[in-house]
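Only one structure is covered here, and it is reproduced in the block below.
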Amino acid sequence: MDDVSDEHLEDYLDTNKWEGKAGAFGYQDGWDWLHVTKGSETNVVGLPMELLETMLDGIHGL
């Protein structure tokens, strides 16, 4: 997460997109100051698609 100015923080809080979010941020909302620096972006929003693809590739008959 980059440094966030008071103005940007106020703008974010005014959107109410923080409501109901763990940590008060939704990575999938596309804020340019919130980014993944290591690991899977899809894991951040709940399902690591890279791992799922690997697991499904191992199932015969699909």
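Data for the structure
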item	result
Cβ-Cβ under 6 Å pairs, at least 6 apart or on other chains, segment 17-38 side touching a residue at least 24 places away in the same chain (Cβ under 8 Å) and more than 14 Å from Val4 (Cβ to Cβ), far side surrounded by 11 or more Cβ atoms within 10 Å (Cβ to Cβ) and among the aromatic types (Phe, Trp, Tyr)	none
Helices (runs of 4 or more DSSP H) wholly inside the chain that include at least 1 residues being aromatic (Phe, Trp, Tyr)	6-15
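Laboratory data are not the source of any read-out in this text; all were calculated from the coordinates shown. It should be emphasised that the depicted structure is a prediction, and the values quoted were computed from it without experimental measurement. Quick reminder, even Gly has a Cβ in these numbers, built from the backbone with ideal geometry, and neighbours come from all protein chains shown.
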